[in-house]
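Here is the structure we will look at.
The numbers here are math on the coordinates, done by the rules we state, and not lab data. Fair warning: this is a prediction, and the values are worked out from it, not measured in the lab. A quick note on method: Cβ atoms are made from the backbone with ideal geometry, for glycine too, and the neighbour counts reach across all protein chains shown.
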Amino acid sequence: FCSGAYFMLSRTLGPEIGGPIGVVFCFANALACALHTVGFSEVVRDLMRFNVVMIDSVNDVRIVGVITVTILLLIALAGMAWESSTQMFFFLVLLISFANYLVGTVIPPNTEKQSIGIFGYRGDIFVENLTPSWRGPKGSFFQVFAIFFPAATGILSGVNICGDLKDPNNAIPKGTLAAIFWTTLSDLVISFHFLPGVCVVRDASGNKSDILTGNSTDGCVGLACNLGWNFTDCIHSQACPYGLANSLNLLGQLSGYPYLITAGVFAATLSSALGFLVSAPKIFQRLCKDEIYPFIIFFAKGYGKNNEPIRAYILCYLIAVIFILVAELNTIAALNSNFFLCSYGLINFSCFHASITNAPGWRPSFHYYSKWTALFGAVISMVLMFLFTWWAALITFCIIVFLFGYVNYYNKPKINWGSSVQAGTYNMALSYSVSLMGVEDHVKNFRPQCLVLSGPPNQRPALVDFVGSFTKHVSLMICGDIILDRTTRPHDATDSLVKWMNKRKVRSFYTPLSAETLRAGAKNLLQASGLGKLKPNTLVLGFKGNWRESAPESIEDYINTI
């Protein structure tokens, strides 16, 4: 059973850190579903504006969004086959829309297109549009970046549904890298043609009467003057409705057939929304099955042969609906960026932590992997969180700290995933033990390091508590159990006795040893117990109270031990 990023984090950093990040990552996926659904709804609202308005602009987005996410939920509940077929259809529509855009850029512009600022590929337009010219409301680069960032949050979509793949070990690396390559290539192509503005001037009126009839350009302002058009009036009044700096529909205007661009926007938003709606419940189901948080186990139940998380689907659907009702794309995008950056930062940190602790189970096969690039990714993700939306970053960290404290102090799970935290603890213990070997003993640093001949600790609780009262948190205590007859001791006695000491909050090691006599066992324990400087210097022996019932050999053995 695979559950993507949550599985990687929890099994690498342990349940204490993996659990909180799993909750945040599930919420980020549900929020991303709402984000892309709102984006789709706004486009639908703008198309409807020319013919019909249901209520008003905000409530129209809410109505369309709730209807859309409900349809996506039904597709997800229908099964993986339906979801895969739907995603393939959206992919084909995207390819056609992209090809339509590329074809449109090479079609020679007619008078109508020139009136809205489209003049085809020209070097002078490219040079002019290289310099920045911000026309929007007061803001910063990082505020805009936070809104744009969710476009790159689909990188883990394949990992999140790895449980549904036939060969995830082979499919995920190839599929993810191929997806990154093609999306990066397409973004670069669109950026080269569209964003720098190789084809479109910054300002245009859309009025065909603004064409220059003569060769005179006196009083004409803007690059369009050299191209036979005079957009001076709308430039001075800052009322140009068209051009690279003004028109939001420029991608469609520049393409061969504008409605195919709209279809591409629909396909992109719905494909992403469906992908996040499918991945979030599967991650959450795995989190619930791990029983890190007992109050969410209800959502762990699966249905059907594919163990579909229907309950988790409903929960994620409700979260998406709540944020769709916000109906504010920029607000949702900023929050979504924050939660995803937190997840990405922890993923990078888990790779770095596993590397520096030399965890035996961490063997990355990627040839160009470096722990320093992983650390850089973790740091830059955390920095961007605060640069994007500082208050959302603080809220995110408070949530993680609260969930971490709940797991670590209130409800510590009884699970062992061989995390890198355990590997780091082992490395530190080994390193400090070796470093103590070169330190000479001094009277000011003397500590009673006790070997307590307690036998089974639960049979002499008073003796164990007495020694624990003065070794607690400051010194070494070893409960030595000399076993004279192995056949009388059950095979799982060690585990049960360690649990007894932990429950009693006794800070001690338990060391069983088989020996023929008490004296021989005590001698061997004194010689072999401990590690380096952490070895017993004091032997604690309980007072023998059953003299009259003991055999002479037992009494002699006890006296010889003293």
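List of remarks:
- Straight-distance candidates among the aspartates and glutamates for linking to K301, with alpha-carbon spacing under 14 Å and chain neighbours fewer than 8 residues away dropped: D290, E291.
- Within the straight-line cut-off of under 26 Å between alpha carbons, the lysines reachable from K523 are K472, K533, K535, K544, sequence neighbours fewer than 8 places apart in one chain being disregarded.
- Taking the longest Cα principal axis of the chain as reference, the axis of helix 310-324 is set at about 50 degrees.
- R0 of 22 Å, Cβ-Cβ distance H491-R460: FRET efficiency to nearest 0.05: 0.50
- Ordered by the count of other Cβ atoms within 10 Å of each Cβ, fewest first, C450, C225 give C225, C450.
- The 3J(HN,Hα) values that the Karplus relation (6.51, -1.76, 1.60; θ = phi - 60°) gives for region 384-394 are, in residue order, 5, 3, 7, 6, 5, 8, 5, 5, 5, 5, 5 Hz. Gly and Pro appear as x.
- Backbone phi angles across region 545-562, fed through the Karplus curve with coefficients 6.51, -1.76 and 1.60 (θ = phi - 60°), yield HN-Hα couplings of x, 10, 4, 5, 8, 7, 6, x, 4, 5, 5, 5, 4, 5, 5, 5, 5, 5 Hz in residue order; Gly and Pro are listed as x.
- DSSP beta bridge pairing in the chain, given as percent antiparallel to the nearest 5: 25 percent
- Distant-in-sequence amide contacts of V452, defined by a placed amide H-H separation under 5 Å and a gap of 5 or more residues or a different chain, comprise I478, C479, G480, V540.
- FRET E, pair L77, F142, Förster distance 41 Å, beta-carbon r, rounded to 0.05: 0.60
- Note on F402, F339: ascending count of other Cβ atoms within 10 Å places them as F402, F339, the fewest first.
- Annotation: lysines with alpha-carbon distance below 19 angstrom to K305 (same-chain offsets under eight excluded): K166, K282, K289.
- Inter-site label distance for S365 and I297 at 7 Å from Cα along Cβ, in nm: 3.7 nm
- In region 256-359, the trypsin sites (Lys or Arg not before Pro) that fall in loop regions by DSSP, at most 16 other Cβ within 10 Å: K301, K305
- Each label point was placed 7 Å from the Cα along the Cα-to-Cβ direction; for F376 and S433 their separation is 3.8 nm.
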